[in-house]
Amino acid sequence: MPQVKNERPLVYLDHSATTPVDPRVAETVRDTLLNQWGNPSSRYKVGNDAKLVLETARERVAALINADPANVFFTSGGTEADNTTIFGVMRHAKANGRGNHLITTQIEHSAILKSAEKLETEGIRVTYLPVLSSGAVDLDALKNVISDDTVLVSVMHVNNEVGTIQPIEEIASICEAKNAYFHTDAVQSYGKVPIDVKNSGIKLLSASSHKIYGPKGVGFLYIHPDVELDSLVYGGGQEKQVRTGTENMPGIAGFGHAALLCAEEFEKETEELRKLRDDFFLQIKEKVSGEVILNGSMENRLHSNLNLQFPGVEAESLLLALDLDNIAVSTGSACSSGSTSPSHVLLAMGLNEHQAHASIRLSLGRSNTAEGLEYAAERIAYHVNRLREMAW
Ligand SMILES: *Cc1c(COP(=O)(O)O)cnc(C)c1O
């Protein structure tokens, strides 16, 4: 007897968590591993060849944000870029008597939030800005708390759960007026939303490869030349001391190729995904009996994100049921030892715990097709309707 298994191909709706590596990028990673194994710091041919690979990748990742490649520093990912900013800038300022106040928001990724919490134990003052129900940061709150003591303001460009696009140019100009550095965690927007560091007042920016179809374990931090910071890692001096250690060459080359593909396919991909996402949302609303609520505003939203609340449905049960249908979604809840705590982002937007626990995130990407999404909409509706009937 053949084994009974789900023959449906995977419908992956969690591109904000990670993306499948583009096969073209995987080829570059493989080629770099096998053929460009030299140390880019060595001064003979194989080293020089590797150096060329490194600098080509730097040019490619910098081009997507219109940065001078000299201001781009490779890291082990978005988490390290965020940590380097928060700790590196604040500790340097504190040690040099340049201020002691950090401003961030309640909806940041844990790479920022946990770093900020750690700094509080070192005596640094931190303000966590609230957000509006749309998911947008409260700019009045920022204007009220920013002061001469403020060293750094860190606001993510696009939120990973609700896809809200923050008004980073406005935030940057508020920071400029107070002489505070502006950092943006652009991990969710990099390669998807236009960014120009030369015309936006951004002083630091974090990006990650595995959110744009590149390999995991590599990212970068853009640092404007005016910014002073301490590095977190000490050693041989690679990446101009900002992030020393022999470079992750296969990862960096892959990241460069992934960025190049984003640059080439950006407009076409954005349009296609927006259309797929909008059709998908319509189908879900049509097929689900009862309420479907979109969390966050539709206007200032990443083209590939939906965050939907199905009142009365336990999102965790929905996630598990969909997994059996080979459909991958996320709830945004933090899971620790069997119990889940509701999403801090949804709570900050004013949802209560029940509403947050009834919400799922659907993030589309290059792996999705109209056919797959039709199937997903049908299964989501089937399970939502079924779970609601059970709840009564
Ligand atoms: C994924 C993510 C990170 C962490 O990046 P890694 O490369 O996985 O360390 C940071 N910030 C945001 C907004 C993210 O989505």
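The values are calculated or read from the model by the stated rules, or taken from the named source; none is laboratory data. Because the structure is predicted, anything quoted here is derived from the model rather than measured. Cβ atoms come from the backbone with ideal geometry, glycine included; neighbour counts cover every protein chain shown. What goes into the accessible areas is simple: the full protein's heavy atoms, side chains included, and nothing from ligands, DNA or RNA. Shrake-Rupley method; radii C 1.70, N 1.55, O 1.52, S 1.80 Å.
The listed residues are ASN199, ASN144, and the only one of them that is out of contact with any strand residue (DSSP E or B) (no Cβ under 6 Å at 6 or more places or on another chain) and modelled with pLDDT under 95 turns out to be ASN199.
Out of GLU314, GLU286, GLU353, report the one residue that is farther than 27 Å from TYR213 by Cα and touching a Pro at 6+ places or on another chain (Cβ under 6 Å). Every option except GLU353 fails the conditions.
With respect to the stated conditions, VAL131 is in contact with a Ser or Thr (Cβ under 7 Å, 6 or more places away or on another chain) and buried (at least 20 other Cβ atoms within 10 Å of the Cβ).
Only one entry of ARG98, ARG58 meets the criterion of being outside any helix (DSSP H, G or I), more than 16 Å from the ligand (Cβ to nearest atom) and either open to solvent by less than 20 Å² (accessible area, probe 1.4 Å) or under 23 Å from GLN241 (Cα atoms) (or both), and that entry is ARG98. Going by the structure shown, is ASP22 more than 16 Å from the ligand (Cβ to nearest atom), open to solvent by less than 40 Å² (accessible area, probe 1.4 Å), at pLDDT 95 or above and of a type outside the set (A, V, I, L, M)? The answer is yes for ASP22.
Annotation: of all residues in segment 61-88 being within 16 Å of the ligand (Cβ to nearest atom) and polar (S, T, N, Q), the one that is nearest to the chain's Cα centre (by Cα) is THR79.
Across segment 213-232, what is the number of residues that are part of a loop (DSSP other than H, G, I, E, B), crowded, with 24+ Cβ neighbours inside 10 Å and more than 14 Å from the ligand (Cβ to nearest atom)? So that I can check it myself, show each step before the final result.
Here is the first cut: in segment 213-232, the residues part of a loop (DSSP other than H, G, I, E, B) are 213-218, 224-232.
Applying the additional criterion that residues be crowded, with 24+ Cβ neighbours inside 10 Å yields 213-214, 218.
Still in the list and also more than 14 Å from the ligand (Cβ to nearest atom): none.
Residues that pass the stated criteria total 0.
Any residue in segment 199-212 that is within 22 Å of the chain's Cα centre (by Cα), within 14 Å of the ligand (Cβ to nearest atom), closer than 19 Å to PHE87 by Cβ and open to solvent by 20 Å² or more (accessible area, probe 1.4 Å)?
To start, the set of residues in segment 199-212 that are within 22 Å of the chain's Cα centre (by Cα) comprises 199-212.
Among the residues that remain, those that are also within 14 Å of the ligand (Cβ to nearest atom) are: 204-212.
Adding the requirement that they be closer than 19 Å to PHE87 by Cβ leaves 204-208.
Remaining after also requiring open to solvent by 20 Å² or more (accessible area, probe 1.4 Å): none.
Looking through segment 199-212, none of the residues is within 22 Å of the chain's Cα centre (by Cα), within 14 Å of the ligand (Cβ to nearest atom), closer than 19 Å to PHE87 by Cβ and open to solvent by 20 Å² or more (accessible area, probe 1.4 Å).
If you go through segment 73-92 and keep only what is crowded, with 24+ Cβ neighbours inside 10 Å and farther than 15 Å from VAL242 by Cβ, you end up with GLY78, MET90. Taken over segment 135-159, the criterion of being assigned to a loop (DSSP other than H, G, I, E, B) and surrounded by fewer than 23 Cβ atoms within 10 Å (Cβ to Cβ) is satisfied by ALA136, ASP138, ILE146, SER147, ASP148, ASP149.
Tell me yes or no: at least one residue of segment 109-127 is within 16 Å of the ligand (Cβ to nearest atom), open to solvent by less than 10 Å² (accessible area, probe 1.4 Å), in a strand (DSSP E or B) and at pLDDT 95 or above. No, there is no match, as no residue in segment 109-127 is within 16 Å of the ligand (Cβ to nearest atom), open to solvent by less than 10 Å² (accessible area, probe 1.4 Å), in a strand (DSSP E or B) and at pLDDT 95 or above.
Every residue, every condition in (1) outside any helix (DSSP H, G or I); (2) modelled with pLDDT under 95; (3) more than 16 Å from ASP14 (Cα to Cα), yes or no:
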{"residue": "ALA321", "(1), (2), (3)": "no, no, no"}
{"residue": "THR340", "(1), (2), (3)": "yes, yes, yes"}
{"residue": "GLY350", "(1), (2), (3)": "yes, no, yes"}
{"residue": "ALA356", "(1), (2), (3)": "no, no, yes"}
{"residue": "HIS383", "(1), (2), (3)": "no, no, yes"}
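Restricting attention to segment 239-281 and to residues that are among the small types (Gly, Ala, Ser) and not in a loop (DSSP other than H, G, I, E, B), the residue that is most open to solvent (accessible area, probe 1.4 Å) turns out to be ALA263.
Of all the criteria given as (1) more than 15 Å from the ligand (Cβ to nearest atom); (2) surrounded by fewer than 22 Cβ atoms within 10 Å (Cβ to Cβ), the one not satisfied by VAL193 is (1). Looking across segment 286-345, the residues that are open to solvent by less than 30 Å² (accessible area, probe 1.4 Å) and more than 29 Å from GLN166 (Cα to Cα) come down to VAL288, VAL313, LEU318, ALA321, LEU322, ASP325, ILE327.
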